[in-house]
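Asker: Have a look at this one before I ask anything.
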2 protein chains.
Amino acid sequence: MMIGAPPDGRGGPHVFMDDVEDPVLSADDRHHLSRVLRLRDGDALTVCDAAGRWRPASFGDLLVVTGDVVEVPPPAREVAVGFALIKSGRPELVVQKLTELGVDRILLLSAERSVVMWDEGKAAVQLHRLTRVVREAGMQSRRVRLPVLEPLRQASVVARDPTVAMAEPGGSGLDGDVGVLLIGPEGGWTEAELGDRRRVGLGSTVLRAETAAIAAGALMVALRDARVSAGS
Amino acid sequence: MMIGAPPDGRGGPHVFMDDVEDPVLSADDRHHLSRVLRLRDGDALTVCDAAGRWRPASFGDLLVVTGDVVEVPPPAREVAVGFALIKSGRPELVVQKLTELGVDRILLLSAERSVVMWDEGKAAVQLHRLTRVVREAGMQSRRVRLPVLEPLRQASVVARDPTVAMAEPGGSGLDGDVGVLLIGPEGGWTEAELGDRRRVGLGSTVLRAETAAIAAGALMVALRDARVSAGS
């Protein structure tokens with residue numbers, strides 16, 4: 001085993017499985033690779049345990065490993081984006097983009113002004129569907145750790161965590177102190193939800209909730225990875 | 001007239017028209033406001049000339065202006081994002097998000113590895129459709145200037161501009177020197193297209209082209225507006 005970077009995408013498609021020491025494809029993944037991505041025997045792919053370890057392999061009736069296991073160190077700190085479900089929202093778009101961008105944790109929220117209410121059954125179905133979106137986007141973007149997708153909770157409960165900030169027009173800029181940013185519903189956060197929590201602005205335009213969540217993900221991951229610094 | 005900020009969205013919907021001195025609604029916009037957004041007589045809205053000037057007004061058979069014209073200074077420098085059209089791409093999603101985020105110019109590109117080819121007729125239809133997307137997203141996000149949407153051109157032609165950088169895995173981080181960032185097709189840029197142009201990386205994950213374009217927009221606008229600084 002060696003310490004290294006995630007796959008750069010040139011080593012073929014990327015597939016998650018339980019054990020990279022003894023990689024075995026699920027029937028679903030085998031079907032996807034051969035029928036959708038049209039992989040043939042001997043074509044390269046990367047296999048990954050979704051817990052930071054991956055290695056190169058070649059496709060066939062049995063997978064053949066073609067290189068050592070690479071362990072990717074976890075990020076120095078984690079970033080999380082939560083978003084309130086909204087009526088005209090596309091949670092699968094937001095979850096897909098946050099996964100691709102490299103966010104560590106995704107929180108589904110209900111808010112006081114949420115118009116969407118999921119009952120328990122609907123919440124379970126949606127969580128299952130969004131978990132598939134995370135896995136597919138994680139393969140697509142060659143992630144070595146999948147973001148944790150947290151079941152629907154009330155924003156006011158999540159916001160008890162002191163690293164939580166609330167996205168709010170006119171708030172301060174993002175910096176490394178914000179570990180979790182919550183995006184409100186169309187009608188905005190209530191004063192009770194905002195409380196004395198830090199408020200973060202995402203620019204001078206009025207963003208759709210889905211756009212705010214994606215922009216927050218892009219900025220927070222860039223800050224986490226020191227590709228940008230906090231504004232002056 | 002006074003100098004000020006764009007509307008914050010609390011003053012009602014936002015509509016573009018030729019002249020804010022003598023605001024008149026088009027039949028289409030009137031229909032949208034009354035039937036889709038359900039505005040009633042006396043409800044607030046903001047009217048804007050899409051050239052930096054806006055003012056508050058109230059809805060009715062005739063629009064009544066309720067405040068002075070506000071002129072919003074242009075950004076200190078402009079940022080542009082170009083993206084190559086791709087087979088499974090959603091150009092309307094990218095154009096919508098770049099408009100919401102505040103990008104100043106959007107470039108539609110063909111690249112050497114582009115699989116999508118639009119003939120002249122198709123290009124005209126698509127440009128018309130995407131121009132509507134810009135206008136709708138500009139209203140939604142309360143922009144006071146609409147981004148310029150440039151007709152389809154070859155990336156290699158656009159890249160003659162010295163402020164152009166090419167998005168490429170492993171490239172350097174974004175900073176204020178990058179005025180225009182071009183996002184390649186699924187197969188990436190060719191060496192000829194890259195040439196000795198600056199290469200900019202957008203993180204350690206492998207981003208879909210549409211995600212790369214949206215992330216680039218979020219980061220470039222945040223850098224332009226000094227909400228973040230270049231990484232160290």
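The values are calculated or read from the model by the stated rules, or taken from the named source; none is laboratory data. Just so it is clear, the structure is predicted and the values come from calculations on it, not from any experiment. Reconstructed Cβ throughout: ideal geometry from the backbone, glycine too, with neighbour counts over all protein chains shown. Ligands, DNA and RNA are stripped out before the accessible areas are found, and what is left, the full protein with its side chains, is counted by its heavy atoms. Shrake-Rupley method; radii C 1.70, N 1.55, O 1.52, S 1.80 Å.
Asker: Calculate how many DSSP beta bridges within chain B are antiparallel, expressed in % of all such bridges and rounded to the nearest 5.
Answerer: In chain B, DSSP labels about 30 percent of beta bridges as antiparallel.
Asker: Let me ask something additional. Going 7 Å from Cα along the Cα-Cβ axis for the label, what nanometre distances separate A:Arg132 from the same residue across the other copies?
Answerer: 3.2
Asker: I would also like to ask the following. Could you work out [θ]222 nm for chain A from helices alone, using -39500 (n - 2.57) per DSSP H run of at least four and dividing by all its residues? Round to the nearest 500 deg cm²/dmol.
Answerer: So the helix-based figure for chain A works out to -8000 deg cm²/dmol.
Asker: Can you give me the long-range amide H partners of B:Val116? Hydrogens built in the peptide plane at 1.01 Å from N, cutoff under 5 Å, separation of 5 or more residues or another chain.
Answerer: Long-range HN contacts for B:Val116: B:Lys87.
Asker: Test of understanding: in a Gaussian network model of chain A with alpha carbons linked when under 10 Å, which of A:Ala165, A:Ala213, A:Ala123 would top the mean-square fluctuation ranking?
Answerer: A:Ala123
Asker: Using a 1.4 Å probe over the heavy atoms of the protein chains, calculate the carbon and sulfur portion of the accessible area of the protein assembly as shown as a whole percent.
Answerer: Result for the protein assembly as shown: 51 percent of the exposed heavy-atom area is carbon or sulfur.
Asker: Chains A and B: buried accessible surface, both sides, probe 1.4 Å, rounded to 100 Å²?
Answerer: So the total buried area for this chain pair works out to about 3200 Å².
Asker: Still on this model: Find the accessible area per residue for the range A:2-71; the probe is 1.4 Å, ligands and nucleic acids are left out, and the unit is Å².
Answerer: So the range A:2-71 comes to 56 Å² accessible per residue, rounded to a whole number.
Asker: Let me ask you something else. Once you mark the GluC sites (Glu not before Pro) that are in a DSSP loop and have at most 15 other Cβ atoms within 10 Å, what is the longest gap between them in chain B?
Answerer: The reported range is B:22-185.
Asker: Do any residues of the range B:3-50 show a loss of at least 20 square angstrom of accessible area between the isolated chain and the full protein assembly, using a 1.4 Å probe, and if so which?
Answerer: B:Pro6, B:Asp8, B:Arg10
Asker: Quick one: 3J(HN,Hα) in Hz for the range B:216-232, Karplus 6.51/-1.76/1.60 with θ = phi - 60°, rounded, Gly and Pro as x.
Answerer: Going residue by residue, I get 4, x, 4, 6, 5, 5, 5, 5, 4, 8, 6, 6, 9, 10, 4, x, 8 Hz, with x marking Gly and Pro.
Asker: Would you work out the relative contact order for the range B:97-204, in percent, from Cα pairs under 8 angstrom that are 6 or more residues apart?
Answerer: Across the range B:97-204, relative contact order equals 32 percent.
Asker: Now for a separate question. What spacing in nm lies between the two simple spin-label points modelled at A:Ala51 and B:Ala44, each 7 Å away from Cα in the Cβ direction?
Answerer: Label at A:Ala51, label at B:Ala44, 5.5 nm between them.
Asker: In Å², and per residue, what accessible area does the range A:132-232 have when probed at 1.4 Å with the other protein chains present?
Answerer: Here the per-residue accessible area is 39 Å².
Asker: State whether the protein assembly as shown is rounded, prolate or oblate according to the following rule on the C-alpha gyration tensor (a ≥ b ≥ c being the square roots of its eigenvalues): a/c under 1.5 gives rounded; otherwise a/b larger than b/c gives prolate, and the remaining case gives oblate.
Answerer: prolate
Asker: Along the charge dipole of the range B:134-232, which of B:Ala216, B:Leu149, B:Ala230 sits closest to the positive end, that is, farthest toward it, with unit charges on the beta carbon of Lys, Arg, Asp and Glu (+1, +1, -1, -1)?
Answerer: The listed residue farthest towards the positive side: B:Leu149.
Asker: Moving to a separate point now. Quote the charge dipole size of the range B:80-224 about the Cα centre in Debye, to the nearest 20; the model charges only the Cβ of Lys and Arg (+1) and of Asp and Glu (-1).
Answerer: That gives the range B:80-224 a dipole magnitude of about 500 debye.
Asker: Given the C-alpha centroids of the range B:138-181 and the range A:39-81, what is the distance between them in whole angstrom?
Answerer: 33
Asker: Let me ask something additional. With only Lys, Arg, Asp and Glu charged, each at its Cβ (+1 for the first two, -1 for the last two), find how big the charge dipole of the range B:2-71 is about the Cα centre; round to the nearest 20 debye.
Answerer: The dipole of the range B:2-71 has a size of about 380 debye.
Asker: Another one. Relative to the isolated chain, which residues of the range B:216-232 have their accessible area cut by 50 Å² or more in the presence of all protein chains (1.4 Å probe, heavy atoms, no ligands or nucleic acids)?
Answerer: Output list: B:Leu219, B:Arg227, B:Val228, B:Ser229.
Asker: Pop a pseudo-label 7 angstrom from the Cα along the beta-carbon direction at both A:Val64 and A:Thr131 and give the gap in nm to one decimal.
Answerer: 3.5
Asker: Follow-up. If you count the DSSP beta bridges with both ends in the protein assembly as shown, what percent of them are antiparallel, to the nearest 5?
Answerer: 30
Asker: I want to verify a result. In a Gaussian network model of chain B, Cα cutoff 10 Å, which of these has the top mean-square fluctuation: B:Val134, B:Val157, B:Val24?
Answerer: In the Gaussian network model the winner is B:Val157.
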